[in-house]
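Asker: Sharing a structure below in structure tokens format, with a few things to ask.
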Amino acid sequence: MAAIATEKPKKKRSLTQIKLYVDIFLLIGFILVNMPQSTGIPVHEWISFLFILPLILHILLDWQWVVSVTKRMFGRLPGEVRVNHILDLVIFVMMVLALFTGTIISEAALPAMGINITIDPFWQGMHDLTANLTMLLIGIHLAMHWSWIKSAFQRYVFKRNK
Ligand code: HEM
Ligand code: HEM
């Protein structure tokens, strides 16, 4: 009995491809978040809130990596992986601080929700600081994943049919 191949054509996107699209979206979001002078503060605030969604998705797509590396953190692990894990944690904390300090100096989004907070220049300074540190850390984060970015672009953007 000859088995008849009735396989459906594969149209499934690979995890790498999905990650690439999410990462591109995330980077565009991050650039927009970092240009309040051009977008204006109200747009800056709402975009920053929306930015949380692709950010969560980005972390969830690598969640298995996070869990498995966390479990092996005190065991044998290649140096680069260990560095990436620590860096990811620092980026996460800094990003949360930028979001938090931004929220407590909100001039548009919070008042629009009926929440009025007296703006403290200290927190404005902290927002500036955490935002700048986040940008620096994201630069390092991208550099650490440069070969992944290069090969994902070559595979899915420049040679789409390969
Ligand atoms: C502008 C924002 C960001 C961009 C453009 C970005 C980009 C990337 C890229 C290209 C990769 C490698 C491919 C992949 O697995 O998706 C990656 C990995 C990863 N990113 Fe991000 N990322 C950003 C922010 C963050 C933040 C805030 C965190 C917070 C924890 C984070 C956590 C991770 C993790 C856990 C990985 C996989 C593990 C590893 O570091 O090797 N990323 N990111
Ligand atoms: C990842 C999150 C965020 C990043 C990276 C970020 C980044 C920035 C940057 C680069 C500036 C310009 C600072 C300067 O001119 O010196 C800024 C200003 C500002 N951001 Fe954000 N921001 C984030 C989230 C938020 C959120 C969630 C809010 C409010 C809901 C917010 C409210 C503001 C306000 C009101 C200013 C003007 C501060 C001033 O007048 O000194 N930001 N932000």
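The values are calculated or read from the model by the stated rules, or taken from the named source; none is laboratory data. Nothing here was measured: the structure is a model prediction, and the numbers come from that model. Remember, those area values only see protein heavy atoms, side chains included, never the ligands or the DNA or RNA. Shrake-Rupley method; radii C 1.70, N 1.55, O 1.52, S 1.80 Å.
Asker: List, largest first, the extents of the alpha carbons of the chain along their principal axes, each in whole Å.
Answerer: 78, 39, 28
Asker: Against the longest principal axis of the chain, how steep is helix 15-33, in degrees 0 to 90 to the nearest 10, with axes from Cα atoms?
Answerer: Roughly 20 degrees between the two axes.
Asker: By how many nm would the segment from residue 155 to residue 110 grow when fully extended, if each residue of separation counts as 0.36 nm and the alpha-carbon distance is taken off?
Answerer: The residue 155-residue 110 span can extend by a further 11.9 nm.
Asker: Ignoring ligands, DNA and RNA, what percent of the accessible area of the chain is carbon or sulfur (1.4 Å)?
Answerer: 69
Asker: Right, next: Roughly what angle does helix 41-61 make with the longest principal axis of the chain, taking Cα atoms, 0 to 90 degrees, to the nearest 10?
Answerer: That works out to roughly 30 degrees.
Asker: How many times 2.2 N^0.38 Å is the alpha carbon radius of gyration of region 11-80?
Answerer: Compactness ratio reported: 1.46.
Asker: Here's another thing I want to ask about it. Calculate, for the chain, the solvent-accessible area per residue in square angstrom, rolling a 1.4 angstrom probe over the heavy atoms of the protein chains.
Answerer: Per residue, the chain has an accessible area of 72 Å².
Asker: On a 0 to 90° scale, report how tilted helix 79-104 is relative to the longest principal axis of the chain, with both axes built from alpha carbons and the result rounded to the nearest 10.
Answerer: Once rounded, one gets 40 degrees.
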